[in-house]
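Accompanying notes for the structure given below.
The values are calculated or read from the model by the stated rules, or taken from the named source; none is laboratory data. Keep in mind the model is a prediction, meaning the values are calculated, not measured. Please note: Cβ atoms are built from the backbone with ideal geometry, for glycine as well, and neighbour counts cover all protein chains shown. Note: accessible area is taken over every heavy atom of the protein model, side chains too, but ligands, DNA and RNA are not part of it. Shrake-Rupley method; radii C 1.70, N 1.55, O 1.52, S 1.80 Å.
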Amino acid sequence: YYGDMTRTVVRGRASEAQHRLWATCLAGQAIAFAQIAPGVNGAITHENIKRFFTDAGYPTVQKKGRWQGFFHGTGHGLGLQIHESPRFSSTVFKPGQVITVEPGIYIPGIGGVRHEDVVVITEKGHRVLSRFSKPLSL
């Protein structure tokens, strides 16, 4: 079975704008973790994260032909393929599903941030399978 994990780090010292972007993205992932459970519609969680990012000052918009903000999925199924069904935002979670949780924000001139972890949906919620720290800088 495949694994999938992303960490965004800055080599050296992060600027205040990079730190804020990184922390906001981590808070968006925490929203997902707080909501993932059997019977929850992933599309609603995805929209909640998108709204949180917009309210934090990172709207999803197109400028000069380029997307910025949160313009990709919150996660995907994981198993025999690295990217497989179900897509996070097109499923109602069921026990036994293994999915990634990886909301990301991309802002030209500041950078892109994604914190990605793998979870398994359990009978009562979920369990995070990833066990690697999330440092901001090296």
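Per residue of segment 114-119, what does 6.51 cos²θ - 1.76 cosθ + 1.60 with θ = phi - 60° give for ³J(HN,Hα)? Whole Hz please, x for Gly and Pro, Karplus curve as stated.
Values, residue by residue: 8, 10, 10, 10, 10, 10 Hz.
Which whole-Hz couplings ³J(HN,Hα) result when phi for each residue of segment 17-26 is put into the Karplus expression 6.51 cos²θ - 1.76 cosθ + 1.60, θ = phi - 60°, listed in order with x for Gly and Pro?
With coefficients 6.51, -1.76 and 1.60, one gets 5, 5, 4, 5, 4, 4, 5, 5, 5, 4 Hz.
Only Cα pairs under 8 Å and at least 6 apart count here; give the relative contact order of the chain as a rounded whole percent.
The normalised contact order for the chain reaches 34 percent.
Report the net charge of residues surrounding residue 106, where surrounding means a beta-carbon distance below 12 angstrom and charges are Lys +1, Arg +1, Asp -1, Glu -1.
With Lys, Arg at +1 and Asp, Glu at -1, the net is +3.
Can you give the local net charge around residue 75? Use residues other than it whose beta-carbon is closer than 13 angstrom to its beta-carbon, Lys and Arg +1, Asp and Glu -1.
Charge balance near residue 75 sits at -3.
What whole-number distance in Å separates the alpha-carbon centres of segment 62-134 and segment 25-61?
Rounded to whole Å, the Cα centres lie 10 Å apart.
In debye, nearest 20, what is the charge dipole magnitude of the chain about its Cα centre with +1 on Lys and Arg Cβ and -1 on Asp and Glu Cβ, if you could check?
360
Please work out the average accessible area per residue across segment 1-105, using the 1.4 Å probe convention, and give it in Å².
54
Residue by residue, what Karplus-based ³J(HN,Hα) values in Hz, rounded to whole numbers, does segment 76-82 have, using 6.51, -1.76 and 1.60 with θ = phi - 60° and x for Gly and Pro?
7, x, 8, x, 6, 10, 5
Of (i) 1.04; (ii) 1.10; (iii) 1.40, which one was derived for Cα Rg over 2.2 N^0.38 Å from the structure shown?
Recomputing Cα Rg over 2.2 N^0.38 Å here picks out (i).
How much of the accessible area of the chain, in percent, comes from carbon and sulfur atoms when a 1.4 Å probe is used?
Taking all protein chains in place, the chain shows 55 percent carbon and sulfur surface.
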